[in-house]
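What follows is one structure encoded as structure tokens, with my remarks underneath.
The values are calculated or read from the model by the stated rules, or taken from the named source; none is laboratory data. In this text, all values refer to a predicted model and were calculated from it rather than measured experimentally. Cβ placement follows ideal geometry from the backbone for every residue including glycine, while neighbour counts extend to all protein chains displayed.
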Amino acid sequence: MTTQISPSPGRWVDDGWNTTVRMGVVVPHADVGPENELRAMAPDHLSVHAGRLHFSAMRAGGEMDPTIPHDPVRAFTEPPHLDNCVEQLAQAPLDVIGCAFTSSAYKHGPRGEHALAARLAEHARGMPVTTTCLAAEQAIRALGVDRLALVNPPWFDEELSAAGAAYFTALGVDVVHHGACGLRSGQPHITPPALYDWIRSIAGGASAVFVAGNGMRAVGIISALEDRLGIPVLTANQVLLWHVMELTGTTVSRPGYGKLMNMYPST
């Protein structure tokens, strides 16, 4: 008789399930930026799982219109499509859901963004729901920011950028600069050296920088910019992950991703 011996537990390799927090994130259908950045920053015990929603301003290959039209921006958060996406994502064993888009918040303002999060929470099986701009609001308050330099993607036109300034002004923040960064429009054209050089040229007089737009490559330059400018640097996906960690009680220090992500001791 042959006795079969099972492998010892020490022989198992990581299968991706050993996470204590699972974050669902809603992203535009062709946008890989939020997932890339969230996974780069996420601590080992937090995993990221995306649900995709069609956004007509994005084309094959992740290319954007030179400036995105405003009607799709407004329509992106209207029911029922976003609600259905959240409801489907919430069928997975998740702990929290984040919505990784910025421009729609600019169109309906802080009150509309709070109402959106409350509406989506009704479809989320009781788990918390946050959005990029709600997370930015909480981060600005946590850091005591009173003068903000707001940097938008090159695919945000002047009207949308002004709406962003109005959003943060409504929160009681003095927006000392707002505008699209002076780089070529399109996700593949945003590089760390170019964005770093542009931001450091416009941040004078600010007590913090917020690099908006979840599709804009930005988290890799946070630490270098903070060293150069001497002020906190926030980005869309950084604040979203930070707020998710806040909501789930996983306040873990993440060196390299700015003052915001290092406000707590490692656990």
Among the residues listed as Arg111, Arg147, Arg125, the single one being over 18 Å from the mean Cα position of the chain (by Cα) and within 25 Å of Met245 (Cβ to Cβ): Arg125
Considering only residues that are more than 18 Å from Leu240 (Cα to Cα) and among the small types (Gly, Ala, Ser), look in the stretch 1-38 and name the one that is modelled with the highest pLDDT. Gly16
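Of a type outside the set (Ser, Thr, Tyr), crowded, with 24+ Cβ neighbours inside 10 Å and farther than 14 Å from Ala42 by Cβ: is that true of Gly204 in this structure?
Values: of a type outside the set (Ser, Thr, Tyr): yes; crowded, with 24+ Cβ neighbours inside 10 Å: no; farther than 14 Å from Ala42 by Cβ: yes.
Judged against the criteria, Gly204 is not a match.
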Residues satisfying the stated conditions in the stretch 150-205, i.e. under 17 Å from the mean Cα position of the chain (by Cα), at pLDDT below 95 and of a type in the set (Val, Ile, Thr): Ile190
The stretch 164-190 residues that are under 15 Å from Ala203 (Cα atoms), paired with ones that are in a helix (DSSP H, G or I) and of a type in the set (S, T, N, Q) (beta carbon under 7 Å, 6 or more apart): Val175/Thr169; His178/Ser161; Gly179/Ser161; Ala180/Ser161
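Going through Val73, Val86 one at a time, which residue ends up being more than 18 Å from Ala166 (Cβ to Cβ), assigned to a helix (DSSP H, G or I) and in contact (Cβ under 8 Å) with a residue 60 or more places away in the chain?
Working: Val73 fails: more than 18 Å from Ala166 (Cβ to Cβ).
Of Val73, Val86, the one residue that is more than 18 Å from Ala166 (Cβ to Cβ), assigned to a helix (DSSP H, G or I) and in contact (Cβ under 8 Å) with a residue 60 or more places away in the chain is Val86.
Pick from Val209, Val145, Val151, Val175: which is in a loop (DSSP other than H, G, I, E, B) and β-branched (Val, Ile, Thr)? Walk me through how you get there before you give the answer.
Numbers: Val209 fails: in a loop (DSSP other than H, G, I, E, B); Val151 fails: in a loop (DSSP other than H, G, I, E, B); Val175 fails: in a loop (DSSP other than H, G, I, E, B).
None of the other options fit; the residue is Val145.
In the list Ala163, Ala124, Ala135, Ala139, which residue meets the criterion of being in a helix (DSSP H, G or I) and surrounded by fewer than 22 Cβ atoms within 10 Å (Cβ to Cβ)?
Numbers: Ala124 fails: in a helix (DSSP H, G or I); Ala135 fails: surrounded by fewer than 22 Cβ atoms within 10 Å (Cβ to Cβ); Ala139 fails: surrounded by fewer than 22 Cβ atoms within 10 Å (Cβ to Cβ).
None of the others qualify; the one that does is Ala163.
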Matching residues, the stretch 89-113, being part of a helix (DSSP H, G or I) and either touching a Ser or Thr at 6+ places or on another chain (Cβ under 9 Å) or over 22 Å from Val173 (Cα atoms) (or both): Leu89, Ser104, Ala105, Tyr106, Lys107, His108, Gly112, Glu113
Taking interchain pairs and intrachain pairs at least six residues apart, which have beta carbon atoms under 9 angstrom, with the first residue in the stretch 21-47 and in contact (Cβ under 8 Å) with a residue 60 or more places away in the chain and surrounded by fewer than 17 Cβ atoms within 10 Å (Cβ to Cβ) and the second among the charged types (D, E, K, R) and part of a strand (DSSP E or B)? none
